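Visitor: Please find one structure pasted underneath; my questions will follow.
The values are calculated or read from the model by the stated rules, or taken from the named source; none is laboratory data. Just so we're clear, the structure is a prediction, and the values are computed from it rather than from any experiment. Cβ coordinates were reconstructed from backbone atoms using ideal geometry, including for glycine residues, and neighbour counts include every protein chain displayed. Heads up: the accessible areas ignore ligands, DNA and RNA and are worked out on the full protein's heavy atoms, side chains in. Shrake-Rupley method; radii C 1.70, N 1.55, O 1.52, S 1.80 Å.
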Amino acid sequence: MATAAIGVASVGLMSSIVGGVGSITPESSDAFLFAVAGVAPAAVGIALLGVVRVGGLVSSRATVILMVAAAVAGLSGGLAAWAVRVSFDLSDDGLPTAAVDLVAMVSAACGVLVLAAILATLGTVLLRGATLPGWVATTVGVIAALIAAPVVGVVAAVVHPLTAVASLALIGCAVEMRRRMPVAPAHA
């Protein structure tokens with residue numbers, strides 16, 4: 001899992017760099033914007049969950065479910081960013097934007113709600129590990145996730161250098177975890 005986290009964090013780093021450079025270029029493709037606002041945050045989330053799994057905080061089944069949720073949250077953010085860009089273009093041309101604005105709103109809401117579920121799950125697990133009673137850990141985890149999810153979602157989609165730095169940090173964590181893993185003896 002540590003090797004997979006390294007690979008996915010590398011995808012997040014490359015998406016953040018390439019998408020960030022491409023999205024600030026005039027007349028650039030919407031693919032760059034989707035890469036930086038959708039693919040990069042999704043990859044960072046998946047890599048983070050890989051590191052969390054290697055650390056033993058969540059089970060294998062929960063990790064897979066949370067990784068799928070991270071992909072949905074990231075890609076929803078990318079779709080919302082694209083829809084906002086299209087809405088601005090339509091508005092500049094004097095065309096109606098209601099349908100595209102609805103896509104942006106629904107995509108952003110989906111991404112934030114899924115991110116809140118991920119953060120609530122991880123927060124609850126961490127707080128239960130701190131010997132808090134189950135209901136307290138769940139309540140605090142959910143409330144904190146509902147407060148943090150919109151902020152984390154916007155920062156992940158908008159602050160491209162931070163996504164790149166998070167990718168680098170996750171690569172470092174996964175490399176260190178892999179280095180410390182026991183190696184099976186070679187059979188002759």
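Visitor: Work through the residues other than residue 22 whose Cβ is under 15 Å from its Cβ and net out their charges, Lys, Arg +1 and Asp, Glu -1.
Guide: Values: positive: 85; negative: 27, 30.
In short, -1.
Visitor: In Å and from the alpha-carbon atoms only, list the Rg and Dmax of the stretch 57-157.
Guide: In order Rg, Dmax, the Cα atoms of the stretch 57-157 give 16.8, 58 Å.
Visitor: How much area per residue is accessible in the chain when the probe is 1.4 Å and only protein heavy atoms are counted (Å²)? Don't skip to the answer; put the middle values down first.
Guide: Working: 10370 Å² over 188 residues.
Accessible area per residue, the chain: 55 Å².
Visitor: What would the Debye equation give as log₁₀ I(q)/I(0) for the chain at q = 0.09, 0.16 Å⁻¹, counting only Cα atoms as equal point scatterers?
Guide: -0.37, -0.98
Visitor: How large, in percent, is the carbon and sulfur part of the accessible surface of the chain at a probe radius of 1.4 Å?
Guide: Working: 7910 of 10370 Å².
That fraction is 76 percent.
Visitor: For the chain, what relative contact order do you get, as a whole percent, if you take Cα pairs closer than 8 Å and at least 6 residues apart? Mind dumping the intermediate values first?
Guide: On the way: 277 pairs, mean separation 53.9, N = 188.
RCO, the chain: 29 percent.
Visitor: Continuing with this model, one more query. Taking the Kirkwood radius as the inverse of the mean 1/r across Cα pairs, report the Rg/Rh of the stretch 139-182. Walk me through the numbers on the way to the answer.
Guide: Values: Rg = 14.6 Å, Rh = 12.4 Å.
A ratio of 1.17.
Visitor: If you don't mind, another one. Between the stretch 37-88 and the stretch 115-188, how many Å separate their Cα centres?
Guide: One Cα centre to the other: 11 Å.
Visitor: For the stretch 38-106, what ratio Rg/Rh do Cα atoms give with a Kirkwood hydrodynamic radius? Display every interim value, and only then the final one.
Guide: On the way: Rg = 16.6 Å, Rh = 13.5 Å.
Here the Rg-to-Rh quotient is 1.23.
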